[in-house]
Amino acid sequence: MKKIISVILTAVMLILCIPASAETVSFPDVKEGAWYYNAVTYCAEKGIFNGNKDGSFAPAKSITRAEFVVALANYSGEDISTEECDRFTDIKPSHWYYRATSWAANKGIVSGTSENTYSPSRQISRQDLCLMLMNYLKYKSITVEADMSSAFADDAKIGAWAKEAVYAIKTAGIVAGMGENKFEPRSSATRSQVAQMMMQFDKFMENTEASTMKLERIKIRIPGVGTPVKFMHLSDSHVTLYDETDSEKAVAEMIERGAMFDTQVGDGIKREDKLTGFYRLAEEEDVDQILLSGDIIDAPTNGNMKFLSELVNNSKIPSIYTLGNHDWSFTDNYQGERDKYMPGFTEIFGTVDPDTEVKYWDDVCTVYEYDGFVLMAADNSNDQVHPVITSALKGYAKAGTPVILMLHVPVSCETAVADVTNMWGRDITIGSAALNPNAGTKQFVDFIRSADSTVVAILAGHTHLSHVDDVSPLNDTVQYTLGATFEDYARIFEITGE
């Protein structure tokens with residue numbers, strides 16, 4: 001069992017409370033063995049659909065436009081609590097579906113049944129469902145080319161406005177015919193049918209997100225490790241969110257910086273959605289911890305901090321965080337107000353378990369103990385290394401304890417200098433003369449490169465380059481520098497004794 005043996009709250013923190021696995025949701029009118037059983041259960045457990053007041057699901061009941069837009073909003077996982085829309089005269093703020101309908105209208109997912117009506121109680125047709133799902137994909141910047149080479153037998157009955165959507169959703173494997181190769185576009189859909197569609201839709205979205213991921217799997221063997229540990233490493237997402245409570249200057253900076261990152265990648269997928277996709281993958285992979293090595297957000301705006309808090313606290317996987325240079329900085333006062341913003345990170349990532357033995361160091365690093373090694377998450381986001389980090393590493397070396405070191409800024413390596421310099425115009429790694437290393441930083445680099453070091457691996461980010469380098473000919477330390485997660489890079493590390 002792992003145990004936190006040293007924590008600095010203002011540098012990196014660990015979520016200690018892991019929610020229990022969700023229990024299977026059941027309904028008295030959804031029997032095991034029914035063709036829709038798995039789909040209904042799947043959607044209920046994910047919070048897409050709820051049952052009726054009497055506890056039933058009513059699988060054969062036709063679904064209304066109000067019910068479907070609420071299900072789609074539930075699926076999105078977005079905060080719709082402040083959504084407003086006065087476009088539809090038949091939608092009032094007091095209605096239970098008002099926020100969901102407003103959200104969908106504001107995002108371009110629904111357009112109504114006329115210029116100023118939504119018709120919430122009307123049964124939704126199969127072609128309307130396809131149109132809303134395709135609009136949702138467009139909202140998420142996902143394009144599906146509609147394959148119309150194999151038309152439905154009743155193709156002529158599909159509205160011209162819905163034809164592309166019907167065949168795009170069919171191409172994605174989300175819908176199929178109703179027998180005799182008919183689509184029945186104007187027929188209403190039952191709750192069980194929509195549950196099946198939403199289950200397929202969710203799997204399609206997961207596969208689409210996963211297909212863009214540049215995920216590398218690495219096994220690190222450390223003699224003496226008992227229980228294997230699995231980490232997912234993410235870095236440099238540079239999320240640029242803001243909300244109405246942020247200053248005009250902060251909003252302007254996030255808009256400008258966000259446009260810059262969008263230009264660099266150009267795939268249309270939001271950086272926050274990519275990060276969320278990796279968190280979902282981490283749960284599927286059943287990793288033990290997610291390691292966030294800095295610049296997950298591009299500045300400590302209120303919008304960014306809210307997103308980070310929701311992402312971390314809604315995940316079943318605990319996150320270990322070490323700061324990046326942008327996490328706590330705005331460009332007009334770069335690296336100037338660390339103490340001002342650190343309480344926000346402390347609040348998000350929690351405090352240590354009061355029953356755990358804690359030793360506080362000098363505001364620079366946290367150490368987590370596992371079966372046969374330790375993970376040290378150290379803050380070097382100001383391009384320097386505090387002497388206490390080197391002191392701690394020397395202590396572990398003296399005890400013969402293997403260390404995995406998590407940094408934001410990687411250590412300067414001869415094999416990476418050319419690529420880093422080509423990318424940034426200078427070497428921006430720890431120990432580089434370009435960063436004017438102080439005495440403590442020089443001591444750190446010297447020790448990391450020495451034969452005495454027991455650091456097995458260094459996990460870092462910062463450069464936006466994916467690199468694997470030997471740190472020194474005097475030891476076996478390997479540095480794994482991760483490419484930017486906003487460019488789809490991630491690694492899964494399995495630490496094992498075998």
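The values are calculated or read from the model by the stated rules, or taken from the named source; none is laboratory data. As the structure is a prediction and not an experimental result, all values here were calculated from the model. Reconstructed Cβ throughout: ideal geometry from the backbone, glycine too, with neighbour counts over all protein chains shown.
Points to keep in mind about this one:
- Residue list for the stretch 129-158, restricted to those being more than 14 Å from Ile174 (Cβ to Cβ) and in a helix (DSSP H, G or I): Lys138, Tyr139, Asp155, Ala156, Lys157
- Counted residues, the stretch 435-478 - those being aromatic (Phe, Trp, Tyr) and under 15 Å from Pro410 (Cβ atoms): 1
- Positions within the stretch 418-435 being closer than 22 Å to Leu234 by Cα and among the hydrophobic types (A, V, I, L, M, F, W, C), in sequence order: Val420, Met423, Trp424, Ile428, Ile430
- Any hit, the stretch 175-189, residues being touching a Ser or Thr at 6+ places or on another chain (Cβ under 8 Å) and of a type in the set (Lys, Arg): yes
- Condition check for Ala104: in contact (Cβ under 8 Å) with a residue 60 or more places away in the chain, within 29 Å of the chain's Cα centre (by Cα) and part of a helix (DSSP H, G or I): no
- Sole exception among (1) assigned to a loop (DSSP other than H, G, I, E, B); (2) surrounded by 18 or more Cβ atoms within 10 Å (Cβ to Cβ) for Asp86, by number: (2)
- Residue satisfying all of: in the stretch 49-74; crowded, with 19+ Cβ neighbours inside 10 Å and over 21 Å from Ser119 (Cα atoms); nearest to the chain's Cα centre (by Cα) among these: Phe57
- Residues in the stretch 311-351 that are basic (Lys, Arg) and either in contact with a helix residue (DSSP H, G or I) (Cβ under 8 Å, 6 or more places away or on another chain) or modelled with pLDDT of 80 or more (or both): Lys316, Lys340.
- Filtered residues of the stretch 263-307 (kept if aromatic (Phe, Trp, Tyr) and farther than 25 Å from Cys365 by Cβ): Phe307
- Any chance Ala433 is over 25 Å from Ile269 (Cβ atoms) and at pLDDT below 95: yes
- Any hit, the stretch 170-189, residues being in contact with a Leu (Cβ under 9 Å, 6 or more places away or on another chain), modelled with pLDDT of 90 or more and aromatic (Phe, Trp, Tyr): no
- Selection over the stretch 362-390 of residues that are part of a strand (DSSP E or B) and more than 29 Å from the chain's Cα centre (by Cα) gives a count of 0.
- Residue match in the stretch 143-166 (condition: in contact with a Leu (Cβ under 9 Å, 6 or more places away or on another chain) and exposed (fewer than 13 other Cβ atoms within 10 Å of the Cβ)): yes
- If you go through the stretch 169-184 and keep only what is within 36 Å of the chain's Cα centre (by Cα) and not hydrophobic (A, V, I, L, M, F, W, C), you end up with Lys170, Thr171, Gly173, Gly177.
- One residue from Ser432, Ser412 being more than 26 Å from the chain's Cα centre (by Cα), surrounded by 21 or more Cβ atoms within 10 Å (Cβ to Cβ) and polar (S, T, N, Q): Ser412
- Checked against the criterion of being assigned to a helix (DSSP H, G or I), at pLDDT 95 or above and under 15 Å from Thr477 (Cα atoms), the candidates Leu405, Leu393 yield just one match: Leu393.
- Lys182 being surrounded by fewer than 17 Cβ atoms within 10 Å (Cβ to Cβ) and within 25 Å of Ala73 (Cβ to Cβ): no
- Identification of strands (runs of 3 or more DSSP E) wholly contained in the stretch 203-295 with 3 or more residues that are in contact (Cβ under 8 Å) with a residue 60 or more places away in the chain, surrounded by 16 or more Cβ atoms within 10 Å (Cβ to Cβ) and out of contact with any Cys (no Cβ under 9 Å at 6 or more places or on another chain) yields 214-221, 229-234.
Here's the yes/no breakdown for (1) among the small types (Gly, Ala, Ser); (2) within 22 Å of Gly483 (Cα to Cα):
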residue	(1), (2)
Glu216	no, yes
Ile220	no, yes
Glu248	no, no
Ala259	yes, yes
Arg271	no, yes
Asp288	no, yes
Glu310	no, no
